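S.K.: Let me give you the structure first, and then I'll get to my questions.
The values are calculated or read from the model by the stated rules, or taken from the named source; none is laboratory data. What you see is a predicted model; the values in this text were computed from it and never measured. Neighbour counts run over all protein chains shown; Cβ positions are idealised from the backbone, glycine included.
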Amino acid sequence: MSELNCLIFISGNGSNLKNIIEKIDSGFLKNVFIREVLTDNPSAGGLKYAKEKNIPIKIINDKYNYDNISSDINRNDIGLVVLAGYMKILPKDFVNNHEGKIINLHPSLLPKHKGLNTHQRAIQSGDDVHGASVHFVTDELDDGPVFIQGLVEIKESDTVKTLEEKIHKIEYQILPIAIRWIGEKLVEKNGSNFSFRGILETEPIIYL
Ligand code: GAR
C-alpha cells in the first residue's frame, strides 16, 4: 500500500478514532498515517487519543477555518479526510474542492435515516435491521455513494443504548476496512457513484 496521509475529524467521544489508531498499531492499516485530528469541539473527549499518540490537534473556529484546512490538505499531500463522528456540516466549496477524498461514517443503513437520532428513528420506524455506512461525501447531507455497510438485527428488547453499542461494534469493523480499501486504491469515487478495482478480501456488506 502506498502512503496514505489522513485527517480525522471528530466532535465527541472519538471511539472510532481510538479504533483507527489501534488498527494502525496492529498493522491492519499499513502505511496509513493520521497527520492531524480536527474538531469543532475543543472539549471533545476523543482528543485524548490524539494526545496520547502525539498527533497534532486543530480546533476549527473562525481563526482556523476550512480555507486553512484546504491549504493544509493540498500542501501536506493529504489523501483522505475521515469524518469519524463529526457532527458539523462541511461547507460545500470545501467538499467540492476535495471531491473523492472525504469519507463519512454514518450510523444508519443509508439512504435510510439521514441526519441525527438514527437509532431512535430506526426503533420508532419498526425496522428489523439497522446498521452503519461509510460513504464518499458530496455537498448533500449524508447523500454520497455508500461503499461499505454493516448490519445488525434490531431485537424487541433493543433500546437506543443497546443499539448504539451494537452499531459502534460494526463501525469498528467497517471504517478501518473503508480506509484500507482507499489506501490500497481498491475503491474510488466515480462521479455520483463509486467503483471497486481488483478483488476485495471482504464483502462490502458485513453482518454483526
Ligand atoms: C458514531 O456512531 C458515528 O457513526 C456517528 O457519531 C458516532 C461517533 O462515535 N456519526 C454521526 O452521527 C455523523 N452524522 P465516536 O465519537 O465514539 O467515534
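S.K.: Considering only region 36-66, state which residues are within 16 Å of the ligand (Cβ to nearest atom), surrounded by 12 or more Cβ atoms within 10 Å (Cβ to Cβ) and among the acidic types (Asp, Glu).
M.R.: Residue satisfying the conditions is Asp40 alone.
S.K.: To continue, here is another question. Search region 114-134 for residues being buried (at least 19 other Cβ atoms within 10 Å of the Cβ) and more than 28 Å from Gly191 (Cβ to Cβ), and hand back the single one that is nearest to the ligand (Cβ to nearest atom).
M.R.: That would be His119.
S.K.: Continuing with the same structure: Which of the residues spanning region 80-93 are surrounded by 17 or more Cβ atoms within 10 Å (Cβ to Cβ) and near the ligand (Cβ under 10 Å from one of its atoms)?
M.R.: Answer for region 80-93, where residues must be surrounded by 17 or more Cβ atoms within 10 Å (Cβ to Cβ) and near the ligand (Cβ under 10 Å from one of its atoms): Leu83, Ala84, Gly85, Tyr86.
S.K.: Look at region 1-35 and say how many of its residues are hydroxyl-bearing (Ser, Thr, Tyr), within 22 Å of Ile73 (Cα to Cα) and within 14 Å of the ligand (Cβ to nearest atom).
M.R.: 1
S.K.: Sticking with this structure for a sec: Being without any contact (Cβ under 8 Å) to a residue 12 or more places away in the chain, surrounded by 14 or more Cβ atoms within 10 Å (Cβ to Cβ) and not acidic (Asp, Glu) is the requirement here; does Ile73 meet it?
M.R.: For Ile73, the condition - without any contact (Cβ under 8 Å) to a residue 12 or more places away in the chain, surrounded by 14 or more Cβ atoms within 10 Å (Cβ to Cβ) and not acidic (Asp, Glu) - is not met.
S.K.: Determine whether region 76-91 contains at least one residue that is at negative phi and in a helix (DSSP H, G or I).
M.R.: No; the residues of region 76-91 include none that is at negative phi and in a helix (DSSP H, G or I).
S.K.: Enumerate the pairs (first residue in region 9-38 and over 13 Å from Tyr172 (Cβ atoms); second residue anywhere and within 8 Å of the ligand (Cβ to nearest atom) and assigned to a strand (DSSP E or B)) with beta-carbon separation below 8 Å, excluding pairs fewer than 6 apart on the same chain, so at least 6 apart or on different chains.
M.R.: Phe9/Leu83; Val37/Ile10; Leu38/Ile10
S.K.: Right, next: Is it the case that some residue within region 169-178 is more than 22 Å from Lys23 (Cβ to Cβ) and within 19 Å of the chain's Cα centre (by Cα)?
M.R.: no
S.K.: Which condition breaks for Asn96 when tested against (1) more than 30 Å from Asp127 (Cβ to Cβ); (2) within 16 Å of the ligand (Cβ to nearest atom); (3) assigned to a helix (DSSP H, G or I)?
M.R.: Unmet for Asn96, out of (1) more than 30 Å from Asp127 (Cβ to Cβ); (2) within 16 Å of the ligand (Cβ to nearest atom); (3) assigned to a helix (DSSP H, G or I): (2).
S.K.: Got a sec? Which of Pro145, Pro176, Pro111 is away from the ligand (no atom under 11 Å from the Cβ) and in contact (Cβ under 8 Å) with a residue 60 or more places away in the chain?
M.R.: Pro176
S.K.: Is at least one residue of region 163-185 modelled with pLDDT under 95 and over 22 Å from Ile8 (Cβ atoms)?
M.R.: no
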